[in-house]
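The values are calculated or read from the model by the stated rules, or taken from the named source; none is laboratory data. Predicted model only: the values in this text are computed from it and were never measured. Positions of Cβ are backbone-derived with ideal geometry, glycine not excepted, and every protein chain shown enters the neighbour counts.
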Amino acid sequence: MATNVSGTNWTWTVQQLSGFDGLAIKKEAIPHQLGDHDCLVKIESTSLNYRDLMIPMGTYPFPMKTGVVPGSDGAGTVIETGSRVSRFQKGDRVCTILSQGHIAGPATPEILQTGLGGSLDGTLRQYGVFDESGMVHMPSTLTFAEASALPCAGVTAWNALYGLTGRALKAGDTVLTLGTGGVSIFAIQFAVAAGATVIATTSSAAKAARLKELGAQHVINYRDDAQWGETAKALTAGQGVDFVVEVGGAATLPQSLAAIKMDGILSIVGAVGGQDSKDPEPGLLNAWFRGCIVRGIAVGSRAQFEEMNRCIVANHIKPVVDQKTFHLRELKEAYQYLWEQRHVGKVVVDSAV
């Protein structure tokens with residue numbers, strides 16, 4: 001069907017896989033043709049992930065292509081709907097899901113082909129068309145900026161703590177988080193809401209204070225304590241932590257393994273510390289030696305997103321958004337800000353140019 005909306009749609013694209021200079025912005029028309037199950041969304045806010053930095057650098061390990069509109073995490077308003085849309089109506093506030101084909105259950109190779117901002121056009125534009133199956137209703141308690149933080153970091157943290165059938169986080173468990181990025185902060189918030197104990201790591205006293213405000217009972221400065229994994233284990237009377245939400249990669253895995261308890265769950269969700277390390281990276285046998293479960297997580301499903309949203313509303317959880325907000329035209333500066341790890345929580349880009 002044709003829409004009644006016209007005007008300018010400022011849009012970023014990944015023109016080259018050569019670094020942030022491979023990003024380009026252009027002015028397009030607002031899409032005017034919708035499929036039967038499509039929704040036209042006015043995107044109000046987009047939040048950034050480390051994944052977004054890897055794509056223009058050509059280092060993302062999952063499907064990507066040049067010419068794609070970057071960004072997976074968007075929140076906005078439905079402006080028009082296709083003739084057979086049943087999940088949404090005009091005026092609804094929505095969030096995108098990262099893997100558009102991941103509705104429920106485990107990920108598959110086919111689902112990995114449906115990532116926004118990698119294989120499919122994403123959210124770093126003012127208007128976008130998305131299939132109704134690839135969105136969820138925004139939590140009613142959040143702003144657009146807060147809701148834009150959910151699709152990748154929020155769902156990933158939720159999956160890390162609740163995604164393994166029969167082994168969901170419970171009150172009294174201990175969770176180890178690394179740093180002050182989006183996934184780690186969401187993991188703290190979800191763990192605290194469940195009545196778990198949180199041990200967090202960071203690099204500065206100021207960030208440590210913020211983590212304690214969010215509910216972390218123990219904070220370890222990893223710059224001062226190279227054996228922070230052993231320190232975390234000692235805080236559990238030597239038993240080890242029940243969950244590690246591992247975002248660092250090769251540089252942090254040895255200490256994460258040092259912290260985990262027998263039969264604990266170590267979820268590898270990223271590699272913000274890089275994929276190389278001066279020390280030997282632990283091998284699969286290390287998981288055997290520790291007697292733990294190691295999971296690789298690629299975000300999560302729409303069903304998990306909706307479960308998480310119910311928790312957010314019920315527990316009055318507010319996503320942590322970095323104090324510095326960028327406009328759409330400032331995207332390269334926002335990428336650099338995230339790359340330099342100057343943020344606490346999620347870096348948000350609003351749709352104003």
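Yes or no: Ala250 assigned to a loop (DSSP other than H, G, I, E, B), within 28 Å of Tyr337 (Cα to Cα) and at pLDDT below 95? Taking the combined requirement at face value, the residue satisfies it. Selection of the stretch 70-100 for residues being farther than 10 Å from Glu132 by Cα and among the small types (Gly, Ala, Ser) yields Gly71, Ser72, Gly74, Ala75, Gly76, Ser83, Gly91, Ser99. The selection criterion, being farther than 25 Å from Gly172 by Cα and either in contact (Cβ under 8 Å) with a residue 12 or more places away in the chain or buried (at least 16 other Cβ atoms within 10 Å of the Cβ) (or both), does not hold for Val294. Comparison of Arg302, Arg310 shows that the only residue that is exposed (fewer than 12 other Cβ atoms within 10 Å of the Cβ) and at pLDDT 95 or above is Arg310. Just give me the residues in the stretch 158-196 being among the aromatic types (Phe, Trp, Tyr) and closer than 23 Å to Arg210 by Cβ, in sequence order. Within the stretch 158-196, Trp158, Phe186, Phe190 qualify. Tallying residues that are buried (at least 20 other Cβ atoms within 10 Å of the Cβ), among the hydroxyl-bearing types (Ser, Thr, Tyr) and either modelled with pLDDT under 95 or closer than 16 Å to Trp228 by Cβ (or both) within the stretch 253-291 yields 1. Looking at Ala24, is it without any contact (Cβ under 8 Å) to a residue 40 or more places away in the chain, under 25 Å from the mean Cα position of the chain (by Cα) and over 27 Å from Pro319 (Cβ atoms)? In short, yes. Which residues, counting only those in the stretch 35-69, are free of Cβ contacts under 8 Å to residues at least 60 places away in the same chain and under 15 Å from the mean Cα position of the chain (by Cα)? Residues satisfying the conditions are Met54, Tyr60.
Summed over the stretch 179-229, the residues that are free of Cβ contacts under 8 Å to residues at least 24 places away in the same chain, of a type in the set (D, E, K, R) and assigned to a helix (DSSP H, G or I) give a count of 2.
Is one or more of the residues making up the stretch 116-139 within 19 Å of His316 (Cβ to Cβ) and either of a type in the set (Asp, Glu) or part of a loop (DSSP other than H, G, I, E, B) (or both)? For the stretch 116-139, residues within 19 Å of His316 (Cβ to Cβ) and either of a type in the set (Asp, Glu) or part of a loop (DSSP other than H, G, I, E, B) (or both): present. A search for C-beta distances below 7 Å between a residue of the stretch 153-166 that is buried (at least 24 other Cβ atoms within 10 Å of the Cβ) and any residue that is part of a helix (DSSP H, G or I) and among the aromatic types (Phe, Trp, Tyr), counting only pairs 6+ apart in sequence or on different chains, returns Ala153/Phe186; Gly154/Phe186; Val155/Phe305; Ala157/Phe186; Ala157/Phe190; Trp158/Phe190; Leu161/Phe190.
Of all the listed residues (Ala258, Ala271, Ala334), the sole one being assigned by TED's automatic domain parsing to the domain that holds Asp52 and aliphatic (A, V, I, L, M) is Ala334.
Candidates Phe62, Phe88, Phe20: the one that is among the aromatic types (Phe, Trp, Tyr) and touching a Leu at 6+ places or on another chain (Cβ under 7 Å) is Phe62.
The C-beta contact set for the stretch 2-13 (first residue closer than 13 Å to Lys42 by Cβ and in contact (Cβ under 8 Å) with a residue 60 or more places away in the chain, second residue of a type in the set (Asp, Glu) and crowded, with 18+ Cβ neighbours inside 10 Å, distance under 8 angstrom, 6+ apart or interchain) comprises Thr3/Glu80; Val5/Glu80. Across the stretch 297-353, what is the number of residues that are more than 20 Å from Gly122 (Cα to Cα) and part of a strand (DSSP E or B)? The total comes to 1.
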